[in-house]
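The values are calculated or read from the model by the stated rules, or taken from the named source; none is laboratory data. Since the structure is predicted, the reported quantities are computational estimates derived from the model, not experimental observations. All Cβ positions, even for glycine, are placed from backbone atoms using ideal geometry, and neighbour counts span all protein chains on display.
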Amino acid sequence: MRALRAFLRSPAAVIGSVILLAVLVMGVSAHWFYPGDPLGLAGRPLQWPGQNPRFPLGTDPSGRDIAAQLFHGARVSLLIGFVATAIAALIGIAIGALAGFYGGAVDTALMRVTEAFQTVPNFLLLLVLVAVFGSTIETVTIAIGIVSWPPVARLTRAEFLTLRTRDFVQACRVQGLSDAHLILREVLPNALPPVIVYASVVMAVAILLESALAFLQLSDPNVPSWGNLIGLGRNVLRTEWYVSAIPGVAILLTILGVSLVGQGLNDALNPRLASGR
Amino acid sequence: MTGPTRREMLVLGAGAMLAVPAMAQETPRRGGVLTVHFATEQRILNPSLQASTGVYIVGGKIQEALLDLDAEGRPVGVLAESWESAPDGLTHTFRLRRGVTWHDGRPFTSADVQFTAMEMWKKILNYGTTLQQFLTEVQTPDPHTAVFKYSRPMPQGLLLRALPDLGYVSPKHVFETGDIRQNPANTAPIGTGPFRFVQYERGQFIIAERNPNYWREGMPYLDRVVWRVVGDRAAAAAQMEAGQILFSPYSSLTIADLQRLGRDPRFEVTTRGNEGNVRTNTLEFNFRNPVLADIRVRRAIAHALNVPFFIENFLGPFAKPGTGPIPSVSTDYYPGPDVPQYPYDPALANRLLDEAGQRRGQGGLRFALRLLPAPWGEDIALWATFIQQSLQQVGIRIEIVRNDAAGYLRSVYRDHAFDLATGWHQYRSDPAVSTTVWYRSGSPVGAPWTNQWGWKDDRIDALIDAAATEVDPAKRRALYAEFVRAVQTELPLWMPIEQIFVSVFNRRVRNAGNNPRWASSSWHDTWLAS
Amino acid sequence: MRILRLAGRRLAASLPTLLIILAGMFLLLQLAPGDTVDALMAQIGGGDAAFAAEMRRFYGLDAGVPAQLWNYLSRLATLDLGHSAIYGKSVATVILERLPATLLLMVSALSFAFSFGLVLGVIAARRVNRWPDTLISTLGLIFYATPSFWFGLMAIVVFSVHLQWLPAGGLSDITRSLSGLAAVVDVARHLVLPTLTLGLIFLAIYLRIMRASMLEVLSLDFVRTARAKGLSETRVVARHVLRNAMLPMVTLIGLQAGTMLGGSVVVESVFALPGLGRLAYESVVQRDLNTLLGIIFVSALLVIAINFLVDILYARLDPRISAEE
């Protein structure tokens, strides 16, 4: 595929993919390297990295192995990112497709709702959702998805608005194909590329939102997410700054990877905007 | 390099002397601004309406109570000069101080005490409503005498111990018109204290300045007190180190920062001055879960937790193992450590759980419980995690359910949607004020920090009621000792950790911590060295 | 005059949206466990049942939910935002007190992000694929990926505690009463770190957009025409390219306004600034419905206003006025 080759030619995309792959491997191999409960008491709290050969990255304020939490947390953070993005994508594409395809009153109504969600600062809405529905990992992920869908909807709607006037759509209509077929089989596949690119932004934001919630002690304390570790390290930031620094770097690298992959996707799928031309 | 000059030696010597904590012989220096870390803003500043350390830290400098505590923790007169009680406990007479004026110039009289007691302490003040529920009237035979009359015996010890916190007086002429709760003086207090209110910028600061007409001659020494609102604990420690804050009360910095600043010669990190502000960490059981209704399970859970290990490794030097609901600092009522205890014994815990019929199943798991930690303490979060890790070892899986403050109170004390809960029990000078409510049955659903466990014991109820109205101090002490023995045996809830709040002083602050409730006290004799 | 009419029409068009937001949030918050009296009890650390019942009556919480919603909306129609449970003052007063700090922070962060993003984006585009571009783009990516609260705390540790160059928090030095220029400088010093913290991620975004936009415009016909006419490169960039390339940036300001307010929650918490972000967080935790809805109302108006201004600015910069045929 031409797009895939274009993707692989971009050094940014390759670096990003390598980073993401490394994170994925970390998550998948967590049970081999660190069997047992990563949140269990492993040793004395707040040991520095390298101080104890058993804990190459030290221990956190609750005496838990930071390296174990890093590996197990890779799975959690990636999962949160993927699922929240999927939820946002599902809602956003559905609303955007319907609004863009039908136009008129449907469009106006749906756009009002989208505007409403966009006008409320998304972190604020997230705080309210978490206060109302609780801090389990499931609710946090769904809440992040709920605050992230408006830009996806707008993007999808814009694509649908341009595409629905195209000839091939008119041709399909003449053939008497149903609306559902048109939306799902004809227009959507063409509308998806910019949405897929934007999904990388959504994923980056989702991981950052979860870490911000965890920083405010509002995330699920029963899972070893990186954000939780940053939140735990907040109280010892002056002296044992590595507790927050290490997962902070992990988040940074993961988002870097996601952004680079997104950039690569953008270059591959939108050759017009590729740099240098 | 030549050695130090004679001058340098003198300066060094003087510096070394000043670095030693406050010596009584030093002459107080006048002037200066004391900046205080104000961590949680409260809704009002009037201590006659709201009994909370978060209110006293400000309101206690502007308004005064009938009594305060002296350096040994004994009641000493502030707005009251002397007092006597009838042997039947139904009448308590207070002779009030003369020559005291409110900040707006009007004289302080017994009418103010009558108004505050009947309209504020009895009707509105949290804990005051319970304490004064049998108060029928306050007589004012002359402007400097207030006579409290009760329909049921009020032990003098209980009243005197409670009044430093629950006895703040507000001016009648300011509050007698309109709704007391909507009165603007609640956020711009008018009092008789050493400092006059100046300004309150929400979210930023509160300023109070020296009261030149204060009834104590020559005091206060400070020019101003400024409370800086800093919600973030790490930021507060940074401001402390940058010299922008000179005093942080009530363990408002992180445990790590407390320990670190304790090693810094510029600061004093101590429990001195907070002996009256003790709290115990609780472990509350919900009897509606039939597993927890079995006493063997509750005792097993207690035996599975290594409390001394937890304290040593996670809480540092500011906590110690508790022996029951009445903490060791309570000299009048502490019954001693010779009551049922639950030392760390995982083998015993496993055996008790097996005996209770809760055998290990798949993956070594016996059963699962929801643990709700209160969100207002770093130590609570650490304790909850430790409970989760420890109980895992004996086959109990713990799911920690996070809530914010309002959600926690609702979930535990109204909806009863918990299996285990852990929070603070704040001991307020007398078991009848703050402690026995955790055990007495009959509290309405939704009342926080009361017995909402779905448990009731008639004998313990009777003990509590008898002790609350027992006038003889020795008999009262014995009743409370029996109470502690009974609840430690039954274990409806467990209070295994005792902590005194920690203050952090910049060593420039002198006469700090010179009574057991110093942070709440009036600071009339506090001064700043240069 | 025309602008005012346009503004009025824009506002009228946004009213349904505002209504959805407010009613939706009100009902959502009713589902939150615990009410403002529970939060009050937690704050004061103790109280009995009589006290709680009395406070509930005082705050008007004993009426039913539909009644409370109706009361709220009908008061809103007269622009009465209600009474704040936490502060005992009218919500409008409370918000007006906290608005300046947030506006100051947002304007500073936006200006910082916009101007530096512009300059760096132009440099990166002019030296595309060479080392300045790689360096700037990499820095941009790192800024984008850095959690803002982590950066803020580390900045405090480095600049306030260790180097003692800048204050650790607050909006001004309250132990000294300053006025005039000294006061302005004092506030400016206090805002340096918060501005950097809040603006960092937006700097990264503007940088990337500016760079991409510049590259796109630089490849268009009219630029080649200008170059063929013999104009110097700088002249080409400054007069023709910049104006067109800035259009997406300007649009972005409107979209980012809401995100910035959300980001200010964390930044204001770390730096102890008395702004709307922290007030919003407090209102959620303390279940102060009136204040929270008031903030959302005000922020929605702010976003609408900013988008309106952006549209006007966009029209002024419109390429129809530039050299493109």
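When we screen B:D232, B:D223, B:D179, B:D165 for residues that are within 22 Å of B:R43 (Cα to Cα), acidic (D, E) and modelled with pLDDT of 90 or more, the only hit is B:D165. Suppose we keep only residues that are within 11 Å of chain A (Cβ to nearest Cβ) and at pLDDT below 85 within the stretch C:267-281. Which one would you say is surrounded by the fewest Cβ atoms within 10 Å (Cβ to Cβ)? Here the residue is C:S269.
Taking the stretch A:95-153 as the range and being within 8 Å of another protein chain (Cβ to nearest Cβ), polar (S, T, N, Q) and either assigned to a helix (DSSP H, G or I) or in contact with a helix residue (DSSP H, G or I) (Cβ under 7 Å, 6 or more places away or on another chain) (or both) as the test, the residues that pass are A:Q118, A:T119, A:N122. Of all residues in the stretch B:241-256, exactly one satisfies the criterion of being part of a helix (DSSP H, G or I) and more than 23 Å from the chain's Cα centre (by Cα), namely B:E241. When only residues in the stretch B:257-267 that are within 14 Å of chain A (Cβ to nearest Cβ) and assigned to a loop (DSSP other than H, G, I, E, B) count, which is nearest to C:L171 (Cα to Cα)? Filtering first and then ranking leaves B:D264. Restricting C:G294, C:G254, C:G258, C:G262 to residues that are part of a helix (DSSP H, G or I) and modelled with pLDDT of 85 or more narrows the list to C:G294. For the stretch B:415-424, the candidate set comprises residues that are at the interface with chain C (Cβ under 10 Å from one of its Cβ atoms) and touching a residue at least 60 places away in the same chain (Cβ under 8 Å); within that set, the residue that is nearest to B:T469 (Cα to Cα) is B:W424. Go over the candidates B:D223, B:D232 one by one and state the one that is without any contact (Cβ under 8 Å) to a residue 60 or more places away in the chain, within 14 Å of another protein chain (Cβ to nearest Cβ) and more than 18 Å from B:E119 (Cβ to Cβ). After ruling out the rest, the residue left standing is B:D232.
Might you check whether a residue that is among the hydroxyl-bearing types (S, T, Y), surrounded by fewer than 16 Cβ atoms within 10 Å (Cβ to Cβ) and in a helix (DSSP H, G or I) occurs anywhere in the stretch B:470-489?
The answer is yes, given that some residue of the stretch B:470-489 is among the hydroxyl-bearing types (S, T, Y), surrounded by fewer than 16 Cβ atoms within 10 Å (Cβ to Cβ) and in a helix (DSSP H, G or I).
Matching residues to (1) farther than 20 Å from C:M106 by Cβ; (2) within 14 Å of chain A (Cβ to nearest Cβ); (3) in contact (Cβ under 8 Å) with a residue 12 or more places away in the chain; (4) not in a loop (DSSP other than H, G, I, E, B):
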| position | (1), (2), (3), (4) |
| --- | --- |
| C:Y144 | no, yes, yes, yes |
| C:L153 | yes, yes, yes, yes |
| C:V157 | yes, yes, no, yes |
| C:L191 | no, no, yes, yes |
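Close contacts from the stretch C:29-52, counting a first residue that is at pLDDT 85 or above and a second that is assigned to a loop (DSSP other than H, G, I, E, B) and of a type in the set (G, A, S), with Cβ to Cβ under 7 Å and a gap of 6+ residues or different chains, come to C:T36/C:A85. I want to confirm something. Restricting to the stretch B:275-300 and keeping residues that are in contact with a helix residue (DSSP H, G or I) (Cβ under 9 Å, 6 or more places away or on another chain) and under 22 Å from B:P375 (Cβ atoms), which single residue is modelled with the lowest pLDDT? Only one residue tops the list, namely B:N277. Of the residues making up the stretch B:345-370, those that are in contact with a helix residue (DSSP H, G or I) (Cβ under 7 Å, 6 or more places away or on another chain) and not in a helix (DSSP H, G or I) are B:D345, B:A356, B:Q358, B:R366, B:F367.
Residues in the stretch C:159-189 that are more than 12 Å from chain A (Cβ to nearest Cβ), within 26 Å of A:R234 (Cβ to Cβ), hydrophobic (A, V, I, L, M, F, W, C) and under 22 Å from the mean Cα position of the chain (by Cα): 1 in all.
Can you find a residue in the stretch B:427-446 that is closer than 30 Å to B:E275 by Cα, surrounded by fewer than 22 Cβ atoms within 10 Å (Cβ to Cβ), more than 7 Å from chain C (Cβ to nearest Cβ) and touching a helix residue (DSSP H, G or I) at 6+ places or on another chain (Cβ under 8 Å)? Yes - at least one qualifying residue is present in the stretch B:427-446.
Taken over the stretch B:128-163, the criterion of being part of a helix (DSSP H, G or I) and more than 17 Å from B:Y333 (Cβ to Cβ) is satisfied by B:G128, B:T129, B:T130, B:L163. Do the conditions hold for B:Y408, that is, is it modelled with pLDDT under 95, aromatic (F, W, Y), touching a Pro at 6+ places or on another chain (Cβ under 7 Å) and not in a loop (DSSP other than H, G, I, E, B)? The answer is yes for B:Y408.
A Cβ distance below 6 Å, combined with a sequence gap of six or more or placement on separate chains, defines the contacts here; from the stretch C:247-265, residues that are facing chain A (nearest Cβ under 8 Å) reach residues that are crowded, with 20+ Cβ neighbours inside 10 Å and of a type in the set (V, I, T) in the pairs C:G258/C:V303. Being part of a helix (DSSP H, G or I), touching an Asp or Glu at 6+ places or on another chain (Cβ under 8 Å), within 11 Å of chain B (Cβ to nearest Cβ) and under 30 Å from B:A185 (Cβ atoms), is that true of even one residue in the stretch C:71-90? Looking for residues that are part of a helix (DSSP H, G or I), touching an Asp or Glu at 6+ places or on another chain (Cβ under 8 Å), within 11 Å of chain B (Cβ to nearest Cβ) and under 30 Å from B:A185 (Cβ atoms), one finds none in the stretch C:71-90, hence no. Is it the case that some residue within the stretch B:499-507 is polar (S, T, N, Q), under 30 Å from B:L305 (Cβ atoms) and in a strand (DSSP E or B)? Yes, the stretch B:499-507 has at least one match. Candidates are the residues of the stretch B:115-127 that are in a loop (DSSP other than H, G, I, E, B) and either over 20 Å from the mean Cα position of the chain (by Cα) or among the small types (G, A, S) (or both); the one that is farthest from B:R428 (Cα to Cα) is B:K123. The set of residues in the stretch B:378-397 that are surrounded by fewer than 20 Cβ atoms within 10 Å (Cβ to Cβ), more than 8 Å from chain A (Cβ to nearest Cβ) and without any contact (Cβ under 8 Å) to a residue 60 or more places away in the chain contains only B:R397.
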